[in-house]
Ligand code: GAP
């Protein structure tokens with residue numbers, strides 16, 4: 001039973017230290033969230049799982065970490081300055097400002113935005129589009145709003161000086177493209193190979209919301225996979241979709257809550273020839289099945305658009321350089337085929353925060369104990385659980401028991417994330433650990449002092465086992481470690 005809605009996770013996340021509303025002491029900052037002690041561990045575990053899977057377990061992918069602020073020209077030639085915008089409208093009644101293409105009535109029934117007869121402003125003026133806040137159809141015409149966050153570089157910079165203008169990156173991908181040759185030559189890579197990067201991206205979203213699903217600052221896990229111009233690009237998209245579906249399932253997400261969305265041609269980003277989105281059921285409470293889904297990640301065929309447009313050599317029909325600012329040619333020489341070309345790119349782009357939300361929603365469950373009390377159990381996959389084992393003394397006023405429990409915690413810490421907790425009765429302590437997804441509770445009792453053994457309780461079954469302290473680390477590691485990575489078999 002996954003979480004019935006996002007609100008259930010918002011409340012659990014705040015109550016148990018996963019995610020807090022940001023800047024709360026000043027009334028908050030709509031759409032910004034801070035990750036607490038458990039949230040930061042969960043995010044790190046998601047990112048590590050991804051990095052291990054792509055960069056360590058495969059032999060054809062390198063990692064990098066590029067700057068967040070890049071030369072402004074990167075965003076000029078990537079096309080983001082000209083096209084990275086969303087349509088914006090204001091409601092004349094309630095004064096809300098909204099993203100137009102997400103409103104009811106914006107698109108004609110059954111028709112798509114790109115059809116030649118589609119005229120958004122005509123529809124807005126005819127009162128066919130509804131305000132998401134108050135339902136009024138008294139909306140302004142749409143206008144385009146570039147979503148890149150602007151900043152100025154240098155201490156003496158005048159805020160309006162175009163020479164000082166810079167942007168916070170809206171995707172991590174461009175940092176990969178501009179480093180393509182650096183990575184390829186230093187690591188002596190031959191095509192096909194990929195470059196992965198995880199890091200923050202920023203978008204001045206018009207209507208952020210739904211907790212960590214859509215925020216203005218978020219983290220992406222992106223990988224650009226470089227292939228030959230004559231590779232089977234559309235098939236490769238399908239292959240990466242299949243791999244990622246398995247990776248998400250390996251994180252504990254039920255296949256029932258994942259679906260695919262082939263992005264219609266006229267909604268593709270300017271660089272894409274094909275994009276398939278993997279969608280997660282973030283809104284199970286909505287009665288209409290088609291409204292339950294939202295994008296978890298996208299897998300795009302970006303052609304050679306980016307490498308070509310950042311390169312110095314390509315010319316237009318008149319023989320003029322398309323990019324007169326670039327000092328490098330990002331083409332690749334294939335010494336077997338004796339050919340030079342711009343590699344084509346398959347890009348799986350996933351969001352850390354959306355993955356974390358999907359994982360939390362899918363892990364949520366409730367269980368009733370023999371006293372009839374309902375408890376929340378977060379059935380996180382052990383690889384993702386923020387804490388792997390909680391060491392609990394049965395009697396906190398018994399120094400020998402406390403001493404033994406603390407020593408066990410210290411001995412486990414080098415091999416797995418363990419905590420010591422004596423802030424409540426054992427029933428309460430178990431319940432707290434269940435609620436944050438800790439797979440194992442280790443209880444030290446009076447008998448432990450005699451037999452050097454402890455009770456290991458399983459989060460999901462509540463079954464208990466007596467284990468010798470000397471065998472404990474190995475026992476827990478065995479039960480934690482072989483978490484399946486079904487995607488590995490497909491590689
Ligand atoms: N480089 C391609 C690219 O950035 P995208 O579909 O715009 O593609 C990839 O973004 C992923 O980044 C999305 O599928 C989503 O998981 C995440 N993402 C994008 N915008 C986001 C936002 N405002 N808040 C949270 N995550 C976001």
**Column: log10 I(q)/I(0), Debye, Cα scatterers of the range 65-181, q = 0.13, 0.16, 0.24 Å⁻¹** = -0.69, -0.84, -1.21
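Relative to the compact-globule scaling 2.2 N^0.38 Å, provide the ratio for the alpha-carbon radius of gyration of the range 133-211. Each step should come with its number before you reach the end.
Details: Rg = 19.3 Å, N = 79, 2.2 N^0.38 = 11.6 Å.
Relative to the rule-of-thumb radius for its length, the range 133-211 sits at 1.67.
I need the shape label for the range 362-460. Rule: rounded when a/c is under 1.5, else prolate if a/b > b/c, else oblate, with a, b, c from the alpha carbon gyration tensor.
Numbers: a/c = 2.39, a/b = 1.41, b/c = 1.69.
Since a/c reaches 1.5 but b/c is at least a/b, the shape of the range 362-460 is classed as oblate.
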**Asked** If you take the beta carbon distance between residue 395 and residue 270 as r and set R0 to 56 Å, what does 1/(1 + (r/R0)^6) give as a FRET efficiency, to the nearest 0.05?
**Response** 0.30
**Complete:** To the nearest 10 degrees, the tilt of helix 469-480 (Cα long axis) against the first principal axis of the alpha carbons of the chain is 30
**Asked** If you average the sequence gap of Cα pairs under 8 Å that are 6 or more apart and divide by the length of the chain, what percent do you get for the contact order?
**Response** 14
**Message:** Please list log₁₀ I(q)/I(0) at q = 0.06, 0.09 Å⁻¹ for the chain, using the Debye equation with identical point scatterers on the alpha-carbon positions.
**Reply:** -0.35, -0.75
**Item:** Burial ranking of peptide ranges 333-345, 303-315, 84-96 (average Cβ count within 10 Å, highest at the top)
**Value:** 303-315, 84-96, 333-345
**Asked** What's the exposure ranking of 46, 415, 183, going from fewest to most Cβ atoms within 10 Å?
**Response** 415, 183, 46
**Prompt:** On a 0 to 90 degree scale, rounded to 10, what angle separates helix 352-363 from the longest Cα axis of the chain?
**Reply:** 40
**Asked** What whole number of Å gives the distance from the Cα centroid of the range 355-397 to the Cα centroid of the range 35-80?
**Response** 28
**Message:** As I understand it, the value is the acute angle between the Cα axis of helix 6-15 and the longest principal axis of the Cα atoms of the chain; what does it come to in degrees, rounded to 10?
**Reply:** 50
**Asked** Mind checking Rg over Rh on the range 11-56, alpha carbons, Kirkwood formula for Rh?
**Response** 1.15
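Every read-out reported here was derived from the displayed coordinates using simple, explicitly stated rules and does not represent laboratory data. All values derive from a computational prediction rather than experimental measurement. Quick reminder, even Gly has a Cβ in these numbers, built from the backbone with ideal geometry, and neighbours come from all protein chains shown.
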